[in-house]
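Data block below; observations after.
Rule-based calculations on the coordinates, nothing more; no lab input. These numbers come from a predicted model, not from an experiment. We place every Cβ from the backbone using ideal geometry, glycine too, and count neighbours over all the protein chains shown.
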Amino acid sequence: MGTVREPWKAGAPLSDRFSLVPASYLIFRRGGQVLLQLRRGTGYMDEHWATAAAGHVEAGESALEAALREAKEELGVTVAPDAVVPVTAMHRRQGEFLPVNERVDFFFACTEWEGEPRIMEPGKAAELRWFRLDSLPTPMVPHELSVFELLAGGVPPILTHGFS
């Protein structure tokens with residue numbers, strides 16, 4: 001009979017441990033509206049509407065720092081750390097059981113920023129537009145849509161997506 005591997009136990013090689021790919025999302029809110037971008041040229045969910053500022057957390061960076069960086073890189077705006085409010089964290093799975101498909105997403109929101117949001121990466125976004133929460137566009141990136149649909153009534157602190 002084979003040995004049962006328990007990679008979560010102390011002393012297990014790091015390569016055998018479960019890992020998550022972290023990403024941060026910064027939801028820009030104005031009244032009852034949210035700012036969304038139409039993805040194009042990224043290779044992932046192209047032609048779907050998505051959070052206007054979002055991306056992977058880089059090594060040595062906090063989830064909040066990533067959200068602020070993405071706002072600057074993708075929209076050309078500056079958001080102060082104290083203007084950001086946590087919305088929810090989402091543990092999600094996509095596709096096969098591979099480390100790259102295990103994700104943790106940190107959703108934040110803001111209502112104040114410096115500058116006018118604009119597309120800074122035209123090779124990744126075709127359009128930037130405000131939408132009312134009760135009139136979201138289609139199609140949207142599915143896991144992001146599940147957060148936006150809950151925004152008006154309140155989002156639980158932790159969500160899951162893609163698990164049975």
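Each label was represented as a point 7 Å from its Cα along the Cα-to-Cβ direction; for residue 80 and residue 59 these points are 3.4 nm apart.
Ignoring solvent entirely, what values of log10 I(q)/I(0) come out of the Debye formula for the chain at 0.13, 0.15, 0.16, 0.18 Å⁻¹ when each Cα is a single scatterer? Reported log10 I(q)/I(0), two decimals: -0.64, -0.83, -0.93, -1.15.
Rounded to the nearest 10 degrees, the angle from helix 142-151 to the longest Cα principal axis of the chain is 60 degrees. This ranking places 82, 46 by how few other beta-carbon atoms lie within 10 Å of each, fewest first, which gives 82, 46. Under a no-solvent Debye model with one identical scatterer per Cα of region 99-156, what's log10 I(q)/I(0) at q = 0.12, 0.18, 0.22, 0.29 Å⁻¹? Those come out to -0.42, -0.94, -1.26, -1.30, one per q.
Would you mind getting me the FRET efficiency between residue 135 and residue 158? Use the beta-carbon distance for r and R0 = 22 Å, nearest 0.05.
Numbers: r = 27 Å, r/R0 = 1.24.
Efficiency for this residue pair is about 0.20.
Can you put 27, 119, 158 in order, fewest other beta carbons within 10 Å first? Each step should come with its number before you reach the end.
Numbers: 27 24, 119 17, 158 9.
Starting with the residue having the fewest Cβ neighbours, the order is 158, 119, 27.
DSSP assigns beta bridges within the chain; of those with both partners inside it, close to 65 percent run antiparallel.
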